Amino acid sequence: MTAPWRAAASQLPQVDDAVPGAGEARRPGQPIFPEVPLVRSNSRLPRCRPPRRPAGFTLVELLVVIGIIALLISILLPSLARAREEGNRVKCLSNIRQIGAAFLMYANENRHCIPFTSWNDGANLYREDWLWWQAIRSDRIEESSIQRYLQFKANALEMLRCPSDQFEVGRKPNAVVCGPYKFSYVINWWIASGATNAVGVAASYPDLKVAKKLTEVRMPSDKVMLYEEDASTIDDGMAVSWHPVNGPNLLATRHDRAKKESDSLLSGTYLPNPNLRGNAVYIDGHAEYVSRQMLHTKQATVPNAQ
Ligand SMILES: [Zn+2]
């Protein structure tokens, strides 16, 4: 007879029945219990978040951004330079218009004569010179004949200078008594009251008249009174803007960026860059952005020319 405790034990579930695969021979290293795959819960367990990216840009992203910025700069810079130069041109035109107005006020108070030439002959300095620029009297620039109309001060002479003029480039030094001309604008020698035959034009060509009074000037709206002179020729406060044999004192074209050839090609009556333009003011007081080929003519500069 089987013992009652043995019979009860035989009815208990056996280990081989409870474990899948039980009863098979276990290989060495095989775990006793098979691995159970993890099952994610949708509700109870916290969700797994993707790993957080480190802060900042990757190298590729930085290179792309830098490339885009460089492209924008290359597109915008020429436009910005043009806009700045256009602003300078307008400021320059305003300067020369004001100086021209001062010349006309001076003429109204001086029997229709405009100021003297302010040239670079240190031995012939006149009270009537329009600008006391020479080194030997530069500390007396406020005694210039037009100062009372413009009210400029020795420490504030921007009105007499083109904002695009780089004075340190290409300025001709003059005699010690005069030094380099440190301003941008010059009077048309043919119109200046103090002009003499010293330049050797009117003496050689008696039909060419140098004006002594504005009333002697024909067609004043066509005759240049002042202009900004190029750094390659400027050396004093006046300019021979047209000459029957020699080249003129060139109109500055620094506001016109389409320069095609060197201004040093000036030779005889050949005019370099004839289509480029600069600022000038005329006898009737109007200011204009005019081309070299319009300004450097007998008709635009000689008072009795028509
Ligand atoms: Zn200018």
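Readers should treat all values here as calculations from the given coordinates under stated rules, not as data from a laboratory. Bear in mind that the values here come from a model prediction, so they are computed numbers and not experimental data. We place every Cβ from the backbone using ideal geometry, glycine too, and count neighbours over all the protein chains shown.
Order by neighbour count: Lys213, Lys153, fewest other Cβ atoms within 10 Å first, most last. Don't skip to the answer; put the middle values down first.
On the way: Lys213 15, Lys153 11.
Going from sparsest to densest Cβ surroundings: Lys153, Lys213.
Just add up the charged neighbours of Trp190: K/R +1, D/E -1, any other residue whose Cβ is under 14 Å from the Cβ of Trp190. All intermediate terms of the calculation are to be shown ahead of the outcome.
Numbers: positive: Lys209, Lys212, Lys213, Arg218, Lys223, Lys298; negative: Asp207, Glu216, Asp222.
Computed value for this residue: +3.
Between Asp129 and Phe116, the built amide H atoms are under 5 Å apart, and every one of these is 5 or more places off in sequence or on another chain. Summarising the label geometry, the points placed 7 Å from Cα in the beta-carbon direction at Asn110 and Asn124 lie 1.6 nm from one another. By the count of other C-beta atoms within 10 Å, a proxy for reagent exposure, Cys113, Cys162 are ordered fewest to most as Cys113, Cys162. Near the amide H of Met238, within less than 5 Å, lie the amide hydrogens of Ile187, all on another chain or at least 5 residues away, with H placed in the peptide plane.
Converting phi to 3J(HN,Hα) with the Karplus coefficients 6.51, -1.76 and 1.60 and the offset θ = phi - 60°, the range 139-147 yields 7, 10, 4, 6, 8, 4, 5, 9, 4 Hz in sequence order, with x at every glycine or proline.
Among Leu250, Leu77, the ranking by other beta carbons within 10 Å of each residue's beta carbon, starting with the fewest, stands as Leu77, Leu250.
A simple spin-label model places pseudo-atoms 7 Å from Cα toward Cβ; at Ala203 and Leu63 they are separated by 7.4 nm.
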